[in-house]
Amino acid sequence: MVHRRMVGAQVSDRGSWMKVGWLMLAVLGWAAYAGAQQLPEAPAASTAVTPQTKGFWVRWGDFYRDDWDGAAAKAAAAAPAAPRRGLPSPLDSPPFPSADWSYGGSPTIGEADGNVYPLQTAWNGATGRTKVYGWVSPSGNLSTSRKSNSPEMDDSYSNRVELDQFVVYVERLPNSVQRDHIDWGFHLTSLFGTDYRETANKGYFGGQLINDNRQYGFDPTLEYVDVYFPHVAQGMNLRVGRYISVPGIEAQLTPNNYMFSHSLLYVVDPFTDTGAIATVRLNNQWTVQGEISASHDVAPWTPDAKPSFTGCVDYTTKSVNNNVYLCANGINNGTYAYNNLQMFDGTWYHKFGKTWHMATESYVMYQKDVPSVHGVDGIAPITPEKGTNGADCAPGEVRCFAPEWAAVNYINKELGAHDYLSFRSDFLNDKKGQRTGYAGRYSEATLSWNHWVGTTVQIRPEIRFDHAWDSTAYDRGTRRNQFTVASDVVYHF
């Protein structure tokens, strides 16, 4: 088991998570009240009901009514298109998580922030560039495993209903469409739920998972500043702070994914970095990135921090039917430390036609000098660092090289403006068991349906089959196979 996620634990922490949940709701309520106080009052002589005279909760309800009955979609279709620089978007969003072939570590350079959110609209009419929004995401699953679904993630607790994510965003995106002046932005994220284990970082409240193994937890997942420089090539964004590790199809924040559950490939790779990353758009087709960080999933002030380099290149064809994104991620001496993974990752997106596309990712990762889980000549094995696993080294080895490789493919079919189907096939070879706790090969196949109600509610049921080829790695080391039926609901605000 990868202890930094503790995905198999069955620990109740109901009182603690309820307190945090009520605290986050109180913050939202205060924000709503403060925003309502800022709205101009109607003239005393007028008795007409206008958006300004409606109460906050009425305005919030109006947003959902217009979104669900189609009025908002008609208004959006009639409005002028948001300004954009560069190639057209290849996909429709919704239903897909993103309209563009995405790269990490930066807003899409050349794309305007045209998003409108229920809370922000009710608060101040969606005026201003600083926005407050988020989502609540509960889920439920039925599983053939009784103790744990690990290493499956998002529904890692078997046969139960739980709160995966309660997320609040506060952000301002830099204006990267214009090329006249330097602009800036920032982002703050508060995440509460069982999915805090996906972003738990040593040095950022990591003890609630590493030391206490709480089922529910809080994580300030993202805190960064963006500065946009328009005159560097066709635009450069510099991001400084804590952000998502850049490679990959899947992401920690649930609406950014094709499916509810995550692939095995995702479960064992790096999650967040703290550092600085520059993203430079060379032209419409080429983008390059360079990053200096403190290594993966550790804060710079922890003993595990190591100066690390990440370099990426992103290429899109003129037809926008293909995109390739290659990264060398978190490169340093590779010596064993908390999640000090040396990662070489590649993704390929391909659009077959108007309604079909695929997304493929593969990587190799490793750490050097990982402590063996076996003793040598009657001497007990070296105790791994808390929150990590040792390696299944060869007999006689005290430490060894621990590699793994993985590949995942998504095939996606758009059914309409509110629906798509997705099929995922996934393979992981954890050669020394350092990432999962069980050395060997794993595979999974998942079929998912994603349905939108307007643009504010997602329902994502799925069926999934997992298999461990070399050991009984599922249900805490008792099963080779696992079948799950699960769904989440994502309610955006």
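Taking the alpha-carbon set of the stretch 174-288, what are its Rg and Dmax in Å?
Taking only Cα atoms of the stretch 174-288, I get Rg and Dmax of 16.4, 51 Å.
Within a Cβ distance under 11 Å of TYR349, other residues only, what is the Lys/Arg minus Asp/Glu net charge?
Here the charged neighbours net out to -2.
Helix-only estimate, please: 222 nm mean residue ellipticity of the chain, summing -39500 (n - 2.57) across DSSP H runs of length 4 or more and dividing by its residues, to the nearest 500.
On the way: 7 runs with 65 residues, N = 493.
After summing the helix terms and dividing by residue count, I get -4000 deg cm²/dmol.
What helices in the chain pass both tests, a Cα length along the helix axis of 18 Å or more and a mean Kyte hydropathy of 0.0 or higher, using whole DSSP H runs?
On the way: long enough: 14-38 (36 Å, 0.43); 56-68 (19 Å, -1.08).
Long hydrophobic helices here: 14-38.
How big is the C-alpha Rg of the chain next to the rule-of-thumb value 2.2 N^0.38 Å, as a ratio?
Values: Rg = 23.1 Å, N = 493, 2.2 N^0.38 = 23.2 Å.
For the chain, the normalised Cα radius of gyration comes out at 0.99.
With the radius of gyration and the Kirkwood radius both derived from the Cα set of the stretch 287-403, what is their ratio Rg to Rh?
Details: Rg = 18.9 Å, Rh = 16.6 Å.
For the stretch 287-403, the value is 1.14.
Take the Cβ-Cβ distance between TRP301 and ASN256 as r, set R0 to 25 Å, and report the resulting FRET efficiency rounded to the nearest 0.05. Before the final figure, lay out each step's value.
On the way: r = 29 Å, r/R0 = 1.14.
The value I calculate is 0.30.
Remind me, relative contact order of the chain in percent, using alpha carbon pairs under 8 angstrom and six or more residues apart? Please report the intermediate quantities before stating the final value.
Details: 1265 pairs, mean separation 72.8, N = 493.
That works out to 15 percent.
How big is the accessible area of HIS231 in square angstrom, nearest 10, if you roll a 1.4 angstrom probe over the protein chains?
Using a 1.4 Å probe on the heavy atoms, I get roughly 140 Å².
Starting from a Cα-only point model with no solvent, please compute log10 I(q)/I(0) by Debye for the stretch 196-239 at q = 0.17 1/Å.
Those come out to -0.56, one per q.
Take the solvent-accessible surface of the protein heavy atoms, probe 1.4 Å, and return the percent of it on the stretch 115-240 that carbon and sulfur atoms account for.
About 61 percent, which is the carbon plus sulfur part of the accessible surface.
So which of LYS131/LYS386; LYS202/LYS413; LYS202/LYS431; LYS74/LYS413; LYS306/LYS431 end up more than 28 Å apart, counting from Cα to Cα?
Working: LYS131/LYS386 38 Å; LYS202/LYS413 39 Å; LYS202/LYS431 25 Å; LYS74/LYS413 24 Å; LYS306/LYS431 25 Å.
Correct reply: LYS131/LYS386; LYS202/LYS413.
Can you tell me the accessible area per residue over the chain, all protein chains present, probe 1.4 angstrom, in square angstrom?
On the way: 20190 Å² over 493 residues.
Per-residue value: 41 Å².
Dividing the convex hull volume of the alpha carbon atoms of the stretch 322-371 by its residue count, what do you get in Å³ per residue? List each step's numbers first, then the result.
Numbers: hull volume 3.7 nm³, N = 50.
Given the Cα convex hull of the stretch 322-371, per-residue volume reads 75 Å³.
For the stretch 103-247, restrict the atom set to alpha-carbon positions and state the Rg and Dmax in Å.
18.4, 59
On average, how much area does the Cα convex hull of the stretch 351-491 cover when viewed from any direction, in nm²? If you can, show how the numbers build up before the last one.
On the way: hull surface 43.5 nm².
Across all orientations, the stretch 351-491 yields a mean hull projection of 10.9 nm².
Between ALA71 and ALA126, what length comes free when the chain is fully extended (0.36 nm per residue of separation minus the Cα-Cα distance, one decimal in nm)? Numbers along the way, then the final one.
Values: separation 55, 0.36 × 55 = 19.80 nm, distance 1.72 nm.
Result for the pair: 18.1 nm of gain on full extension.
Using a 1.4 angstrom probe on heavy atoms only, work out the carbon and sulfur share of the accessible area of the stretch 400-478 in %.
Details: 1930 of 2810 Å².
Summing carbon and sulfur atoms, their accessible area is 69 percent of the total for the stretch 400-478.
How large is log10 I(q)/I(0) at q = 0.18, 0.22, 0.27, 0.29 Å⁻¹ when the Debye formula is applied to the Cα atoms of the stretch 337-406, each weighted equally and without solvent?
Debye intensities relative to I(0), on a log10 scale: -0.73, -0.92, -1.14, -1.22.
The values are calculated or read from the model by the stated rules, or taken from the named source; none is laboratory data. Keep in mind that this is a model prediction, so the values were computed, not measured. Cβ coordinates were reconstructed from backbone atoms using ideal geometry, including for glycine residues, and neighbour counts include every protein chain displayed. Just the protein is used for accessible areas: all its heavy atoms, side chains included, with ligands, DNA and RNA removed. Shrake-Rupley method; radii C 1.70, N 1.55, O 1.52, S 1.80 Å.
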